[in-house]
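Comments concern the structure below.
The values are calculated or read from the model by the stated rules, or taken from the named source; none is laboratory data. Given the structure is predicted, the values throughout are model-derived calculations rather than measurements. Cβ coordinates were reconstructed from backbone atoms using ideal geometry, including for glycine residues, and neighbour counts include every protein chain displayed.
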């Protein structure tokens, strides 16, 4: 692992990548989701599904995924792809699945689940952070931050 992961962790939700819209050559930009994205997605989904039941639970979760994608996938000028209604119209099950996979890959690249990181990779990350502790204010994965804090406390 290089210093690249440390740099990506510092960027947090400012990490982006350009991908092709599934099924065609049109480019879109995708960024790492942040806590506000998840909160806003939940709020908007709750408005559509005020009463979650066993019968609509899967539709609720599917809508929340759509809401998160809507916030994280933009045109190449970082502008939303229309309204949420227009965005939904563009999503077939295959397109949505492909976009979710791309977002998961981006999250893993920029904010890995630190509990699955091997000790050598974690030690490298720890040493990078130790050298640059003032620069780590924007970690986008709370689990990464939690493991780092636990590790630092155990060193005391």
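Report the residue count in the range 76-112 for those that are under 18 Å from residue 14 (Cα atoms) and exposed (fewer than 14 other Cβ atoms within 10 Å of the Cβ).
Of the residues in the range 76-112, 8 are under 18 Å from residue 14 (Cα atoms) and exposed (fewer than 14 other Cβ atoms within 10 Å of the Cβ).
Filter the range 113-130 for residues that are at pLDDT 70 or above and exposed (fewer than 13 other Cβ atoms within 10 Å of the Cβ); which is nearest to residue 21 (Cα to Cα)?
116
Of the numbered conditions (1) closer than 17 Å to residue 75 by Cβ; (2) surrounded by 12 or more Cβ atoms within 10 Å (Cβ to Cβ); (3) at pLDDT below 95, residue 22 fails exactly one; give the number of that condition.
If we test residue 22 against (1) closer than 17 Å to residue 75 by Cβ; (2) surrounded by 12 or more Cβ atoms within 10 Å (Cβ to Cβ); (3) at pLDDT below 95, just (3) comes out false.
If a residue has to be more than 19 Å from residue 82 (Cβ to Cβ) and touching a helix residue (DSSP H, G or I) at 6+ places or on another chain (Cβ under 7 Å) to count, how many in the range 14-32 make the cut?
Residues flagged as more than 19 Å from residue 82 (Cβ to Cβ) and touching a helix residue (DSSP H, G or I) at 6+ places or on another chain (Cβ under 7 Å) within the range 14-32 amount to 3.
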